[in-house]
1. Does any residue of the range 104-123 turn out to be in a helix (DSSP H, G or I), modelled with pLDDT under 90 and in contact with a strand residue (DSSP E or B) (Cβ under 8 Å, 6 or more places away or on another chain)?
2. Test residue 110 against the criterion of being surrounded by fewer than 16 Cβ atoms within 10 Å (Cβ to Cβ), out of contact with any helix residue (DSSP H, G or I) (no Cβ under 9 Å at 6 or more places or on another chain), over 24 Å from residue 45 (Cα atoms) and without any contact (Cβ under 8 Å) to a residue 60 or more places away in the chain, and give yes or no.
3. Within the range 76-85, is even one residue surrounded by fewer than 17 Cβ atoms within 10 Å (Cβ to Cβ) and closer than 17 Å to residue 17 by Cα?
4. Assess whether residue 127 counts as being assigned to a helix (DSSP H, G or I), in contact (Cβ under 8 Å) with a residue 12 or more places away in the chain and either touching a strand residue (DSSP E or B) at 6+ places or on another chain (Cβ under 7 Å) or closer than 20 Å to residue 22 by Cα (or both).
5. With respect to residue 134, is the statement that it is out of contact with any strand residue (DSSP E or B) (no Cβ under 9 Å at 6 or more places or on another chain) and within 23 Å of residue 23 (Cβ to Cβ) true?
6. For residues that are assigned to a helix (DSSP H, G or I) and modelled with pLDDT under 90, tally how many sit in the range 1-17.
7. So which pairs qualify, if the first residue must be in the range 51-74 and on the phi > 0 side of the Ramachandran plot, the second must be loosely packed, with under 12 Cβ neighbours inside 10 Å, the Cβ gap must be under 8 Å, and the two must be at least 6 apart or on different chains?
8. Can you tell me which of (1) under 25 Å from residue 15 (Cα atoms); (2) crowded, with 19+ Cβ neighbours inside 10 Å; (3) modelled with pLDDT of 90 or more; (4) more than 16 Å from the chain's Cα centre (by Cα) is the one residue 56 doesn't meet?
């Protein structure tokens, strides 16, 4: 396969600046650790979520993750890896993984921005909306595997049930 190369001169906007504007407009707790990194805390239905945006200037890519506070005990990691595979088969965008350093699940996605001046507000909103929605949908499955000892198939079946009405 032949690689095409066209010399372009594009001045890129820092996408973390846009993220910061959205965060401030929503009054979310956040910390801008550097020009290339921002951590945000938001509340969901099941738990609080930690959103991480990192801009990789050289690749012109925006890395995004949405994690939740759950430490997977060593004895349940094999079952969680099965759950991750089952969940990821059902996703169109992004994926769940388990951080090696602290064994915490998170939803991750990368956005390539080459050829663009930066992401749009709608793209950032979609990143957050989709990730939190998927975390909310599958959080019970993670809980069932980690704390109730269920296997991936049982946990997915329970998580995919859509409740009707209100209690």
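The values are calculated or read from the model by the stated rules, or taken from the named source; none is laboratory data. From a predicted model like this one, the values you see are computed outputs, not experimental measurements. For neighbour counting, all protein chains shown are included, and Cβ atoms are generated from backbone atoms with ideal geometry for every residue, glycine included.
1. Yes, there is a match, as at least one residue in the range 104-123 is in a helix (DSSP H, G or I), modelled with pLDDT under 90 and in contact with a strand residue (DSSP E or B) (Cβ under 8 Å, 6 or more places away or on another chain).
2. yes
3. No, that holds for no residue.
4. Here the answer is yes, as residue 127 does meet what is asked.
5. no
6. Qualifying residue count, the range 1-17: 0.
7. Every condition considered, the pairs that remain are 60/112; 60/114.
8. Result: residue 56 passes all but (2).
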